[in-house]
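Please treat every number below as a calculation from the coordinates, not as lab data. What you see is a predicted model, and the numbers here were worked out from it, not measured in a lab. Here the Cβ positions follow ideal geometry from the backbone for every residue, glycine too, while neighbour counts run over all protein chains shown.
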Amino acid sequence: MSDLAIELHWQRAEPALQTGKYSNAHTVLYNTNHEVQVDAAPDWGGDPDHTNPEQALAAALSSCHMMTFLALCAKAGWPVASYHDYAEAHLGKNPQGQMSVTRIDLNPVVRFDTGFAIDPDELAQMQHRAHRYCFIANTLADSVEINVR
């Protein structure tokens with residue numbers, strides 16, 4: 001299998017590294033040409049204009065789920081015209097009492113070509129199949145909820 005990598009760079013801007021007195025802002029470089037400004041989540045003092053690791057995790061899951069769903073729909077002959085998702089990462093304490101992303105909710109909205117209709121139960125089954133085959137979902141185990149709309 002392939003190795004998929006990013007580059008991360010952080011540089012201290014303060015005179016010393018002291019608890020609560022330094023910035024977590026950093027950059028992540030994808031494929032040597034796409035740079036994303038990253039920081040801690042706003043609740044942890046990060047810049048709300050920058051993405052944060054929790055959002056990036058939700059984005060990775062949402063993207064993987066969508067690509068898996070589209071592949072399954074193509075095989076089934078379902079003419080998907082558009083796909084929109086609102087993914088939300090929830091922070092809390094895990095069973096060990098550690099802070100973690102305790103759940104990620106996906107809220108996909110799928111539109112099909114005019115004239116094509118699918119039973120809502122079949123659509124829900126296809127979304128759940130996509131979840132079972134999604135690489136990122138398999139990595140995260142049980143912390144994903146899919147709310148088909």
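Angle check, please: helix 120-133 long axis (alpha carbons) against the longest principal axis of the chain (alpha carbons), in degrees 0 to 90, nearest 10. Approximately 50 degrees, to the nearest 10. Take every pair of alpha-carbon atoms less than 8 Å apart whose residues are at least six positions apart; their mean separation over the length of the chain yields a relative contact order of 17 percent.
Between the Cα long axis of helix 53-76 and the first principal axis of the chain there is an angle of about 20°, rounded to the nearest 10. Distance between the modelled labels on residue 27 and residue 44, one decimal in nanometres: 2.2 nm (7 Å Cα→Cβ projection). The residue among 110, 84, 133 whose Cα reaches farthest toward the positive pole of the charge dipole of the range 53-146, with charges on the beta-carbon of Lys, Arg, Asp and Glu, is 133. Dipole magnitude for the range 74-149: computed about the Cα centre from +1 point charges on Lys and Arg Cβ and -1 point charges on Asp and Glu Cβ, it is near 200 debye. A simple charge model with +1 on the Cβ of Lys and Arg, -1 on the Cβ of Asp and Glu and nothing else charged puts the dipole of the chain at about 260 debye relative to its Cα centre.
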